[in-house]
Amino acid sequence: MTALLERRLTRTTVRSRLEALDQGTLVIGLIVAMLILGGLTTQGFLTTGNLSVVLRFSAAIGVVAIAQAFVVLGRGVDLSVGAMALVAGQVTLELMSRGWSELAAVGAALGVALILGLVNGFLVAVVGVPALLATLGTGQLLLGGIKVGLLQSNLYSVAPDAFLRRLGMGSVLGIPTAVFCLLVVIALSWFCWSYTSFGRLIRAIGDNPDTAWQMGGPMRRVQIGSYLIAALLSAFAGFLIMAREGSVTTTGAAFSPLLFAALTAVVIGGVSLSGGRGSLLGVAAGTIFISLIVNLLTLNSLSPALQDLANALTLVVAIVLDAWLHPRDEETAKSGDL
Amino acid sequence: MKIKTVAMIALLALVLTGCTSGRPDAAPGNAAAGGTVSLTGGVPEVVQPLEVRQLVHDTMKDKRIAFIPLLYKGYKITTEWGVQLQRGFESLGSTFTVYDSNFDTDQMVRIIDDLIKSKKADALILHNPDLNVLTQQIKEAQAAGIYVVVLNMTSNQSGDVFIGADLVSMAEEITNKAAVDCKADGKNQIALINGPATDPWNVLYEEGVKTAAEEQGLEIVDTTDSKWQADLASQQAATMIERHGADLCALMVPWDVVALPAGNAVKTAEDEGRVAKDQVGVYAIDSSSDGCEGISDGLIRASIAYDQSGIGTGALLAVQQLFELGNAPGSQRSVAYVPYVVIDKTNMSQVTFACYFGS
Amino acid sequence: MEAAVPLSLAMILSVAIVVMVPLGINDGGSILEEVATKGLLAIGLTVVLVAGGIDLSIGSILGVTALSTLILDRVYGVPMLLVVVLAPVIGAAFGAINGFLIAKIKTRPFITTLVTLIAFRGVAKWLEETYSSRLVVPSTSDIWYFLGQGTIVGIPTPTALFIIILVIAHLSLTRSRWGWHLTSVGSDRRSARRNGINVERSVFSAYILSGALAGFAGLLASARFGRADSGVGLGFEIIVLTAVVLGGVSLSGGRGSVIRAAVGMFVVTIIQQATIVLRMDNGYFATLLAIVLLFFAVLDLKWGTYRERFAAKLSLDPGMTAVGPLIDVTVLDTLWTVNGRLTDAPPIGLGLIEGAEDCAIDDGGHLYCGDRRGWIWRFEGPDHAEGKVFARTGGLPLGHAWDLNGNLLVAVGGMGVQRILADGTTELVANQVKRSRFSLHDDSAIRFADDLDVAPDGSIYVSEFSSRTSAAEYMLEFVECRPNGRLIRINPDGSTEVVIKNYVSPNGVCTSHDGQSILVASTGLFRVDRLWISGPKKGQLEPVLEDLPGYPDNMNRASDGNYWMSFVAMRTPVSDLLMKYPAMRRRMTKELPVDEWFVPQLNVSCVLKFTDSGQVLKVLWDETLENYPMVTSINEHEGSLYLSGVQNNRLGRLELDPEDRGSIDTRRVPMTQQARTSFSEAEK
């Protein structure tokens, strides 16, 4: 009995120590360790050029991760972010190929994001459908609906003189444009999380929805707002990707790698799936962490199958850690709480 | 108790005797395709021109040809073929239908399955995504008396006719081209951004590049699988440039859809000064109008154009021949390759089958 | 019932498609084959959903097993029979990973299986990379063809196997301990745990099963298509999830049937086949799936939320009653005039008892009475000063009576009739009757046994207050006032029979002194009827008392050859008026919370004595309502009247007037020489 008690006590201490630590700091530590190890073992890893490539490729993931973090912070989740990023590019390019001006086409894509965000928010906050299920459905609906309703081609390229192209190249203040965009998004989100009542309310809802409701917070509006922001940011990430690659295909799946990368970044970065917890530092660190992993694996010529496995394992570890650090109350957990 | 046992045994015996394995017979079905067949064993040796024309038209009339590409709408390669097929078959009075599988293998398998089971086609023109996927479907179609023509992507199971590019030779040719450029720069490292391991295109291409690289004394420093995704291709290209730095001189990418993002990555690296201008060239295969744009924009240094509309026309001819000769499906198999040529900025406007639009 | 709504919508959908789309007989074959493979996934997913989880990785498990079976067969030459066994084992191993993470580590099911979806697909791709070049040799085994293209007694093998597995899965989910445990875990995890169910093991087993079924489906898929790429099963999770939700399986756990899920799968496959036959872009199918998934998910959710309200609206249907003249009990100096004769009866078990509806006294003068917490108290005779819990029924103990062997019979609300032996153990006498034919409502359970008495032949007559509502909802019966009650006879051999059906709220039951008839009190119609059980009028029902001023409750024999009866509530002019206007009562139930409903005046203590011919002799009241605010039963024993009340915190013992004392043993079953051995022997 005493032994059992002792064991429990020590376990609690290890856990509480980890819990007290900002996961962002932890991940930064991991990143440093990985940089050192990677630099020692892998040729061409620890060069400024390579690291700037990693940063540039993590820009879009970072934006989607922040989009996801807005929702996860409020104890939701948005599985339609990957679809939204893809569709934003598709819609813009399809409309441009129909002769719309670039500005109008981008506006239309953002309009689609607006509608998606509202529908997601409505389903989750007003109707009360579990967020995972609702956004899974809307993501699928968005991809399929845009494909059959709007698209006329299977492959689109960005015109070389398009303004959007510039998002993918050049630099602002010496920082690659895409990374600069990410920094702007981080700065705005930080302001929103720390200094606006909206940001504090999201956190309050995620921490304890009942209390937030009793406080008289405009629950539904805030939740809908978070899905709206998530959809708009995802669309923006879609533009970043489109600019980088110069083309968009229509054969994406609902569970896109982008979605998983963003989810992993969010969970590793310490934004708990049980809501209310997390920092932008963590999300940014998580994004860089997974980008570095992918980069290391690619540099070591690992096949995509093994890369998939490695990524999935990272996410498994992250959610196991999350479940351990921030357990759900098994007794009061609703069975349908997916 | 005894009665129960006996009853159980009886039931089991009944069930077992009622089982059939459904294994198809080894000999292919002799039944020629449905419809009225006016020609068997080919055209008569001596015949009036008008009569021959009538015979061919009678043979091809109301034949149902199904074309099942990986992807159709807006996809230039397959539409290039499809357009030729469409024009040809319609003028002969046959019914030509495109079944778009939308890059969804499951969908493709189900479409083919449906066509065989409900006997909605007399000939199938397939575009095979994977060496092993359609093995059983090709067998089943032939057993059901349906001719199978496979385009451009080989399958481990042969159809009646294969028409496509001689990818190994093409890969060798473009590698030789890269070798010339590299040697001029005094470099010898090349890297491959390839497709999935079981993709027929991927397997042959890698073989060709390896052979030629060995002959030319080039070193293949890296091989990756882009899964034919633009996102991955550009990421891999960027990583390779970083990793191999100043020694790299060529990225070999066997399809312009992934070669373009790879070229974009190279261009970005050049713009940011991470790699010397014109040090790394992207060498592609296939050149639709998008690919040609890439060449003229300097994203792709050289490519191999092969006769896409020729593949369409070839399939059209092959199907006609199959019906005219009237041999049982699966009884004879043949392979035919189309012409190709290396193109770059200097000659691309002079090659008739380069820079096709898919119409 | 609830699953009928999505399911019927689904059926309408599929019929519409079959009518509109040129689906031929050949498509039937394709559809069956497809249902056989994906249906196995649907069974697995249903089991997991019923257990309160979700499994999105089934498509990937299918893919990885399909490839594994090919590798085992073609590369390693494993005997085909062994491969058939290994396929579900491999699937189960992957399922075990899910199960371990979700049941043991307690990660979230949705997100966890979303990740393992990617991970397992990664394994499949790795297998493909490693082995694909060696998979091209054709299979040599007949079993391979038998699984893919063969038949069993004319049915295609996959379909036959699917049907067998479906039946087994259905039986285990609905008829086995495992299935019940799973369902309770899914419905309410906390209650399941408190009832001693091993929640972790149940959840774990669900994921193992789902994996094993996906593994077997993988074997069938690779036998059917012979595909050796890693893309088999890609995107199946959404298709199967939609099918299962379409089949009415609840996403919130605890509700669902594999058969209905299979029907849902059938509908979805018909839709898919239709899109293929019509040569539609697969975007249409994806869009349609998403719409159906969202629609039915919302339906499931909203249906769950509003079901009870909806059902209550449907089920509560007040009836109109013509009421007779009302006797005014406030008029002075009549037989009925309110008095205080009960007020000073000394209490028994004050503060111990919570709501004894009825009581019984044994040979030794010990008093037994029920308690709304499910207990039976025993107060030691003759002064009844000390009491202890004698037996536990688990339900709401109501009427008491002694049987021919001197054991105590108790009508227990919610549990039927129980017999209590001398050592305090209980045994079930009966809790079921034959379900009446042509009735949608399942009335086979004795839901609300209220009072009982024993006839000379040893059969027990039990009144069932309502066959529709439970004891906790007795208020609904007062409002509805419809013939929902029954009088049930339990024969000495234990068989049961409904002797009066469609009776308005039968309550008190009492065998007449001559043993020829049974008196039954109808609370809702303020009357007492007599059912002849022998003699020339056997089987006939005739009135004894009508238009009583109150709502009658239990009845018992008096020692002078008459009967005692109590009122549970009094009629008032307003309650009488309400009886005439059912629409008004319905509106009341819709617009007012239960505690504001107008029902007959429940706080009353009124006891009366009446003769066999229906003449009221005497009426006793507690006008102060201080000590006995409600009397629901009255028992006479050796010169005392014992007053019990279902909302009182005590019993009362009133000395009888000498004029009321007779010579009959009220506890004895009339016309029998009952030897009360059991309790009296236990005494010695």
**Study point:** Where B:Ser287 falls short, out of the listed (1) buried (at least 24 other Cβ atoms within 10 Å of the Cβ); (2) modelled with pLDDT of 85 or more; (3) of a type in the set (Ser, Thr, Tyr)
**Key:** (2)
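How many of the residues in segment C:248-276 are farther than 30 Å from C:Val199 by Cβ and facing another protein chain (nearest Cβ under 7 Å)?
From segment C:248-276, those farther than 30 Å from C:Val199 by Cβ are C:266-276; that's our starting set.
From what is left, the residues that are facing another protein chain (nearest Cβ under 7 Å) are C:276.
Result for segment C:248-276: 1.
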**Study point:** Number of positions in segment B:237-258 that are among the aliphatic types (A, V, I, L, M), outside any strand (DSSP E or B) and within 14 Å of B:Ile304 (Cα to Cα)
**Key:** 2
Point to revise | Residue list for segment C:106-164, filter: of a type outside the set (D, E, K, R) and assigned to a loop (DSSP other than H, G, I, E, B) | key: C:Thr107, C:Leu135, C:Val136, C:Val137, C:Pro138, C:Ser139, C:Thr140, C:Ser141, C:Gly150, C:Val153, C:Gly154
Review point. Being touching a residue at least 40 places away in the same chain (Cβ under 8 Å), under 25 Å from B:Ala238 (Cβ atoms), in contact with a strand residue (DSSP E or B) (Cβ under 9 Å, 6 or more places away or on another chain) and part of a helix (DSSP H, G or I), is that true of even one residue in segment B:152-171?
Key: yes
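Has segment B:78-99 got any residue that is part of a loop (DSSP other than H, G, I, E, B), modelled with pLDDT of 85 or more and within 11 Å of another protein chain (Cβ to nearest Cβ)? Walk me through it before giving the result.
Of all residues in segment B:78-99, those part of a loop (DSSP other than H, G, I, E, B) come to B:92-94, B:99.
Add one more test, that the residue is modelled with pLDDT of 85 or more, and what stays is B:92-94, B:99.
Adding the requirement that they be within 11 Å of another protein chain (Cβ to nearest Cβ) leaves B:99.
Within segment B:78-99, one or more residues are part of a loop (DSSP other than H, G, I, E, B), modelled with pLDDT of 85 or more and within 11 Å of another protein chain (Cβ to nearest Cβ).
Could you go through segment C:36-45 and let me know if any residue there is in a helix (DSSP H, G or I), within 14 Å of chain A (Cβ to nearest Cβ) and in contact with a helix residue (DSSP H, G or I) (Cβ under 8 Å, 6 or more places away or on another chain). Working first, answer last.
Initially, segment C:36-45 is screened for residues in a helix (DSSP H, G or I), giving C:36-45.
Filter again for within 14 Å of chain A (Cβ to nearest Cβ), leaving C:45.
If we keep only those that are in contact with a helix residue (DSSP H, G or I) (Cβ under 8 Å, 6 or more places away or on another chain) too, we end up with C:45.
Within segment C:36-45, one or more residues are in a helix (DSSP H, G or I), within 14 Å of chain A (Cβ to nearest Cβ) and in contact with a helix residue (DSSP H, G or I) (Cβ under 8 Å, 6 or more places away or on another chain).
Quick test for you: out of A:Gly111, A:Gly137, A:Gly128, pick the one residue that is without any contact (Cβ under 8 Å) to a residue 24 or more places away in the chain and over 21 Å from the mean Cα position of the chain (by Cα). Steps first, please.
Details: A:Gly111 fails: over 21 Å from the mean Cα position of the chain (by Cα); A:Gly137 fails: over 21 Å from the mean Cα position of the chain (by Cα).
After ruling out the rest, the residue left standing is A:Gly128.
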**Study point:** Pairs where the first residue, in segment B:61-76, is within 9 Å of chain A (Cβ to nearest Cβ) and touching a residue at least 40 places away in the same chain (Cβ under 8 Å) and the second is buried (at least 23 other Cβ atoms within 10 Å of the Cβ) and assigned to a strand (DSSP E or B), C-beta under 8 Å, 6+ apart
**Key:** B:Lys76/B:Ser288
Review point. Scanning segment B:100-144 for residues that are of a type in the set (Ser, Thr, Tyr) and not in a helix (DSSP H, G or I), which turns out nearest to the other protein chains (Cβ to nearest Cβ)?
Key: B:Ser118
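How many residues does segment C:53-84 contain that are assigned to a helix (DSSP H, G or I), of a type in the set (S, T, N, Q) and out of contact with any Pro (no Cβ under 9 Å at 6 or more places or on another chain)? Give the steps one after another, and end with the answer.
Applying the first criterion (assigned to a helix (DSSP H, G or I)) to segment C:53-84 yields C:58-75, C:80-84.
Remaining after also requiring of a type in the set (S, T, N, Q): C:60, C:65, C:68-69.
So of that shortlist, the ones also out of contact with any Pro (no Cβ under 9 Å at 6 or more places or on another chain) come out as C:60, C:68-69.
The qualifying residues number 3.
Which members of segment C:166-191 meet the condition of being closer than 17 Å to C:Tyr207 by Cβ and either of a type in the set (Gly, Ala, Ser) or more than 14 Å from chain A (Cβ to nearest Cβ) (or both)? Write out each step before concluding.
Pass one, segment C:166-191, residues closer than 17 Å to C:Tyr207 by Cβ: C:169, C:172-173, C:178-179, C:181-183, C:185-186, C:189.
Matches in segment C:166-191: C:Ala169, C:Ser172, C:Leu173, C:Trp178, C:Gly179, C:Gly186.
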**Study point:** Hits in segment B:145-162 (condition: of a type outside the set (Val, Ile, Thr) and modelled with pLDDT of 90 or more)
**Key:** B:Gly145, B:Tyr147, B:Leu151, B:Asp160, B:Phe162
Check your understanding: Is it the case that segment A:141-149 has a residue that's crowded, with 24+ Cβ neighbours inside 10 Å, away from chain B (no Cβ under 14 Å) and under 18 Å from A:Val91 (Cα atoms)?
Key -> yes
Point to revise | Count of residues meeting criterion [modelled with pLDDT of 90 or more and either surrounded by fewer than 18 Cβ atoms within 10 Å (Cβ to Cβ) or touching a strand residue (DSSP E or B) at 6+ places or on another chain (Cβ under 7 Å) (or both)] in segment C:180-202 | key: 4
Revision key, fill the gap. Those residues of segment B:294-336 that are in a strand (DSSP E or B), among the aliphatic types (A, V, I, L, M) and surrounded by 22 or more Cβ atoms within 10 Å (Cβ to Cβ) come to a total of 3
Review point. Checking A:Val172 against (1) within 14 Å of chain B (Cβ to nearest Cβ); (2) in contact (Cβ under 8 Å) with a residue 40 or more places away in the chain; (3) hydrophobic (A, V, I, L, M, F, W, C), which test does it fail?
Key: (2)
Practice item. Those residues that are closer than 14 Å to C:Tyr642 by Cα, more than 28 Å from the chain's Cα centre (by Cα) and in contact (Cβ under 8 Å) with a residue 24 or more places away in the chain, I need them from segment C:379-400; list them, please. Key: C:Phe379, C:His384
Review point. If you go through segment C:298-316 one residue at a time, do you hit one that is assigned to a helix (DSSP H, G or I) and over 23 Å from the mean Cα position of the chain (by Cα)?
Key: yes
Practice item. Can you tell me which residue within segment C:203-239, out of those that are within 14 Å of chain B (Cβ to nearest Cβ), closer than 15 Å to C:Ile58 by Cα and of a type in the set (A, V, I, L, M, F, W, C), is surrounded by the most Cβ atoms within 10 Å (Cβ to Cβ)? Key: C:Ala217
Exercise for review: Specify which of the listed residues (C:Arg378, C:Arg437) is modelled with pLDDT of 90 or more and basic (Lys, Arg).
Suggested key: C:Arg378
Practice item. Considering each of A:Arg244, A:Arg166, A:Arg221 in turn, give the residue that is part of a helix (DSSP H, G or I), within 14 Å of another protein chain (Cβ to nearest Cβ) and farther than 21 Å from A:Ala65 by Cβ. Key: A:Arg166
Point to revise | Listing of helices (runs of 4 or more DSSP H) fully contained in segment C:191-290 that carry 1 or more residues being of a type in the set (Asp, Glu) | key: C:199-225, C:236-246
Study note, to complete from the structure: Filtering segment C:497-546 down to residues that are of a type in the set (Asp, Glu) and in contact with a Gly (Cβ under 8 Å, 6 or more places away or on another chain) yields C:Glu546
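The values are calculated or read from the model by the stated rules, or taken from the named source; none is laboratory data. Computed from a predicted model, the values in this text were never measured in an experiment. Quick reminder, even Gly has a Cβ in these numbers, built from the backbone with ideal geometry, and neighbours come from all protein chains shown.
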